[in-house]
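These notes are about the structure you will find just below.
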Amino acid sequence: MVWMFGSDYVPSDSDDDEEGRMYDHGARDEAVSDDDDIDMVKEFAALRRGMRAYSFAGFTFRISAIESLAFLIAMRSTYPAASAGLLLNSTFSGAHVRSLRDLRHISSDLTDGARMSMSEANAGGDSVASEALSIEVVARAFGAELVCTEMGVEYFPAGGSMTDYVVAMQTARRRVVASVSVTRAMEVPGMPEFGIAEAAKLLMKKLSGVKAAARNMVVPRRVDVAVLHVWASSGQVARKVRKAYRKVVPEEVKQGVVVLLTVAKCPAIFSRSRGKL
C-alpha cells in the first residue's frame, strides 16, 4: 500500500506568488481517474483545504494541514523502513532569488543549517541552492535540526549512494534521525520533454539511492527515516512525477521512503552548470 495525499493537486503556474488555488477541483490531473483516488479526494477534501504557510527571507512554503500531519506521523513510525511509501505535495515561492549569489546575499535571514550547507564544499557541485533551501524548508515547517551535510556523512562500504544531509526531530517519544536526498524534476531547454518515463527513471534512481545510503551509513550511527525531497519546476512536471510514482514505480522501491514533492517558483533552485539533478 502506498499513501499519496493531495492527488488532485494542481498548482497555478501563472501565479508567481502561489496565492492562487492549490487544489483546483475543476482541473483534475488525469492520474486522478481511479475510484480509489476520487474516494480519497472526497474523504480528505476538508482537511486539505486547511493550509499551513511558512514565510521567511521573502520565501513562502505551503503544505496542507493533513499532509503536514502525515509527514510528522511518518517521522514517528516505530518501524519506518517497513512502512508504506508516502508522497506529499507542497509549494514554494521565491522568484526574487534567481541565483546562488542572490541566496548568499540573504543568507543572514536563513537558519544555521542552511548557511552551513552553503559554506561547505558540495559533493555534486551544482545543487547548493536546492539543498540549502531544502534544509531550510524542513527546519521551518517540521522543526528539524541539521545534524550534518553530505560531507559529514561516512559510509561502509564507501563508494555507493550518498545522502545530501541528515536532520533530527524531537518527538514526544524519541529523537528521530532522517536521511534526506534532494533532487530536481524539470524541463531542460534543448533536451527531450520531461515525461512519465523520465520521472519514473528519476524516482527509481533516487528512491533506491536514499535507502541504500541510509543502510550503509556509519556516521551518524543511526538513521530512522529516509526522505526524498523532489523540487518540481512546474505543476505540469509535478503531475508527471506523481503519475510515475503511482503507476510505474514498484511498491518495494517506494517502501520506507517519505517523498516530499514541492512545486517551486525559485530560479536559483533549478540553475544548472554541470547537469546534476
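Quick note: the coordinates plus some simple rules give every number you see, no bench work behind them. Only a predicted model underlies this, so the values are computations on that prediction, with no experimental measurement involved. Every residue, glycine among them, receives a Cβ derived from its backbone with ideal geometry; neighbour counts consider all protein chains shown.
Below, the figures for the structure above:
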| item | result |
| --- | --- |
| Distance between modelled label sites at E187 and H105, nm, 7 Å Cα→Cβ extension | 2.7 |
| Total formal charge among the other residues, if their Cβ is under 11 angstrom from that of S119, Lys/Arg +1 and Asp/Glu -1 | 0 |
| Cα gyration tensor shape of region 57-182, rounded if a/c is under 1.5, else prolate or oblate by comparing a/b with b/c | oblate |
| Förster radius 25 Å - calculated FRET efficiency between M204 and A65, Cβ distance, rounded to 0.05 | 0.25 |
| FRET efficiency, 1/(1 + (r/R0)^6) with R0 35 Å, evaluated for A197 and L72 via beta carbons | 0.60 |
| Two-site FRET efficiency, R221 against E145, from Cβ-Cβ distance with R₀ of 22 Å, rounded to 0.05 | 0.80 |
| Karplus-derived 3J(HN,Hα), 6.51/-1.76/1.60, for each residue of region 101-108, Hz, glycine and proline x | 4, 4, 5, 5, 5, 10, 4, 5 |
| Ordering of 51-61, 157-167, 261-271, 185-195 by packing [mean C-beta count within 10 Å, highest first] | 261-271, 157-167, 51-61, 185-195 |
| Per-residue ³J(HN,Hα) for region 144-155, Karplus 6.51 cos²θ - 1.76 cosθ + 1.60, θ = phi - 60°, Hz, x for Gly and Pro | 7, 10, 5, 8, 6, 8, 4, 6, x, 9, 10, 10 |
| Rounded to whole Hz, the Karplus (6.51, -1.76, 1.60) HN-Hα couplings of region 180-187, x for glycine and proline | 10, 10, 10, 9, 10, 10, 7, 7 |
| Spacing of the two label points (7 Å from each Cα toward its C-beta) at V248 and A53, in nm | 3.4 |
